[in-house]
Amino acid sequence: MALMDHNQAVQLQAAVKYVLGELSQTQRDEYEEHYFDCAECAVDIQALVTFADTAREVLRQEKASQFRKESAPARGRWLRWFQPVVAVPAFAALLLIIAYQNTVTIPQARNTSSRAVPEVYGQSFLLRPSDTRGGNETGVNGATLEVQPNEGFLLQLDFIPSSSFPAYLCQLQDASGRVLQQITVPAEKAKKELHLPIPAGLILRPGQYSLVFLGADPVTGKAVNDSKLQYFTFNVAFRR
């Protein structure tokens with residue numbers, strides 16, 4: 001599979017299309033391989049996910065406001081002239097959000113991501129590996145991530161596998177071990193910093209979650225079950 005470079009990602013507007021689900025499966029796979037070690041694309045995705053979440057909330061509030069207006073008693077025809085058009089405040093709010101993202105959030109986050117050691121900014125979290133020696137997988141780092149319900153966020157981590165494979169699988173698991181998301185990680189991403197976007201709506205309830213890295217079988221591409229190479233645990237708390 002060809003690796004998408006940054007210029008191709010920019011020309012394709014891959015970050016926007018990735019968040020909107022408009023990439024083909026091949027393009028999606030290529031872009032996911034690219035943003036694992038591209039801090040700029042990872043920041044773009046984080047900002048776009050935040051924008052999409054905010055846009056959905058604005059539209060939800062406008063829809064609720066319109067429903068209340070439609071449920072109210074009918075007014076005289078001469079009063080209808082004073083009723084605001086729903087699309088106008090919604091569109092204006094979205095324009096303000098876009099302007100803020102382009103002039104403040106994205107440039108500030110890019111400056112942060114250029115540092116040697118990534119800092120936590122906005123809804124971006126730095127994870128440290130858990131201790132898997134002797135089967136201990138209790139999440140010794142004890143990281144708690146406070147997010148809004150249905151909010152996307154970004155995980156940053158150093159991927160240092162204990163064994164080498166032609167490719168790796170990264171699984172996001174809930175406390176019961178159910179796999180919520182699985183991403184293929186190319187071999188060249190080993191011993192590098194990874195940026196893993198967690199899409200909005202993927203984590204539906206608070207609790208403990210894990211990132212598990214497994215070796216991928218070179219023939220089938222499936223996980224080698226006894227090859228748990230690195231393990232991260234964290235807790236998600238919803239902020240109201």
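The values are calculated or read from the model by the stated rules, or taken from the named source; none is laboratory data. All of these numbers come straight from a predicted model, not from anything done at the bench. Counting neighbours? That spans all protein chains shown, and the Cβs are built from the backbone with ideal geometry, glycine included.
On the basis of being touching a Lys or Arg at 6+ places or on another chain (Cβ under 8 Å) and under 22 Å from Gln46 (Cα atoms), does Phe232 make the cut? Please lay out each step first, then the result.
Details: touching a Lys or Arg at 6+ places or on another chain (Cβ under 8 Å): yes; under 22 Å from Gln46 (Cα atoms): yes.
Answer is yes for this residue.
In the stretch 10-27, what residues are under 18 Å from Pro186 (Cα atoms) and surrounded by 15 or more Cβ atoms within 10 Å (Cβ to Cβ)? Spell out how you get there, then give the answer.
At the first step, the residues of the stretch 10-27 found to be under 18 Å from Pro186 (Cα atoms) are 25-27.
Selection gives Gln27 alone.
Taking Gly221 as meeting all but one of (1) at pLDDT 90 or above; (2) at positive phi; (3) of a type outside the set (A, V, I, L, M), write down the number of the exception.
It fails just one condition, (1).
For Pro199, are the conditions met, namely being outside the structural domain of Asp29 (by TED's automatic domain parsing), within 16 Å of the chain's Cα centre (by Cα), surrounded by 12 or more Cβ atoms within 10 Å (Cβ to Cβ) and of a type outside the set (Asp, Glu)? Write out each step before concluding.
Values: outside the structural domain of Asp29 (by TED's automatic domain parsing): yes; within 16 Å of the chain's Cα centre (by Cα): yes; surrounded by 12 or more Cβ atoms within 10 Å (Cβ to Cβ): yes; of a type outside the set (Asp, Glu): yes.
It is true that Pro199 is outside the structural domain of Asp29 (by TED's automatic domain parsing), within 16 Å of the chain's Cα centre (by Cα), surrounded by 12 or more Cβ atoms within 10 Å (Cβ to Cβ) and of a type outside the set (Asp, Glu).
May I ask you to list the residues in the stretch 173-201 that are in contact (Cβ under 8 Å) with a residue 40 or more places away in the chain and either aromatic (Phe, Trp, Tyr) or within 16 Å of Asn150 (Cα to Cα) (or both)?
Pro197, Ile198, Pro199, Ala200, Gly201
I'd like the full set of residues that are in a helix (DSSP H, G or I) and either in the same structural domain as Pro186 (by TED's automatic domain parsing) or over 17 Å from the mean Cα position of the chain (by Cα) (or both), limited to the stretch 10-27. Can you show your working first?
To start, the set of residues in the stretch 10-27 that are in a helix (DSSP H, G or I) comprises 10-12, 14-20, 25-27.
Val10, Gln11, Leu12, Gln25, Thr26, Gln27 - these are the residues of the stretch 10-27 that are in a helix (DSSP H, G or I) and either in the same structural domain as Pro186 (by TED's automatic domain parsing) or over 17 Å from the mean Cα position of the chain (by Cα) (or both).
Mind telling me which of the residues Lys189, Lys222 ends up being of a type outside the set (S, T, N, Q), over 16 Å from Leu126 (Cα atoms) and surrounded by 15 or more Cβ atoms within 10 Å (Cβ to Cβ)? If you could, list the steps in order and put the result at the bottom.
On the way: Lys222 fails: surrounded by 15 or more Cβ atoms within 10 Å (Cβ to Cβ).
Checking each option against the conditions leaves just Lys189.
Inspect all residues belonging to the stretch 177-192 and state whether any of them is under 16 Å from Pro129 (Cα atoms) and either out of contact with any Ser or Thr (no Cβ under 8 Å at 6 or more places or on another chain) or of a type in the set (Asp, Glu) (or both). Outline the logic, then answer.
In the first step, residues of the stretch 177-192 are kept if they are under 16 Å from Pro129 (Cα atoms); the result is 190-192.
Filter again for either out of contact with any Ser or Thr (no Cβ under 8 Å at 6 or more places or on another chain) or of a type in the set (Asp, Glu) (or both), leaving 191-192.
Yes - at least one qualifying residue is present in the stretch 177-192.
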